Amino acid sequence: MRSLLSVTLLLLLAVTLAAEASRKAKNHKGGKHDKTRPASDCPPADTQYGKCVPEHGDCGDGLRDATCKDHTDKIHCKIPCNWKKDISDCKYKFGPWGSCDAASNTKSRSGTLKRALFNADCQATVKVSKPCSPKVKKAKGDKKSN
């Protein structure tokens with residue numbers, strides 16, 4: 001009787017593990033490594049990457065050409081849908097936002113290049129701006145007035 005119970009528990013465990021593995025395989029979307037590297041055996045240093053072209057509109061998921069030797073692959077890429085659109089293949093370290101310019105109602109900050117992705121041609125420093133927030137932040141000690 002004990003051996004029958006042990007065999008039953010072992011089979012139940014095996015079925016549960018198989019179902020879990022199957023569920024994980026269905027939900028796997030591929031890691032970052034799968035999306036950014038071409039399928040060829042070329043090293044990244046020898047690969048030339050084209051600009052990311054969005055599938056719809058001017059931002060979001062898209063494709064870029066990855067050419068090595070005489071072989072070209074299409075690889076997935078993404079263009080952010082915000083002010084970083086022009087510098088998406090370049091990584092910068094930004095300082096704090098400056099004060100609001102009342103004339104243009106914008107604030108700006110500058111960044112220095114940390115690294116270039118996909119052999120991108122990046123500027124050493126960039127300056128970005130965005131509209132000022134309409135809300136005025138209160139100091140921590142201020143209380144609400146009714």
Can you sort D58, D89 by how many other beta carbons sit within 10 Å, fewest first? D58, D89
Given H placed on each backbone N at 1.01 Å, which residues far from C90 in sequence or on other chains put an amide H within less than 5 Å of it? L117
Residues meeting the amide H criterion for C77 (H placed from the backbone, H to H distance under 5 Å, 5 or more places apart or on another chain) are G62, L63, R64
Please find the FRET efficiency linking T112 to K78, where r is the Cβ-Cβ separation and R0 is fixed at 30 Å, and quote it to the nearest 0.05. 0.80
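Taken together, the values in this text are just the output of simple stated rules run on the coordinates, not laboratory data. Note that the structure is predicted; figures quoted are calculated from it, not measured. Cβ coordinates were reconstructed from backbone atoms using ideal geometry, including for glycine residues, and neighbour counts include every protein chain displayed.
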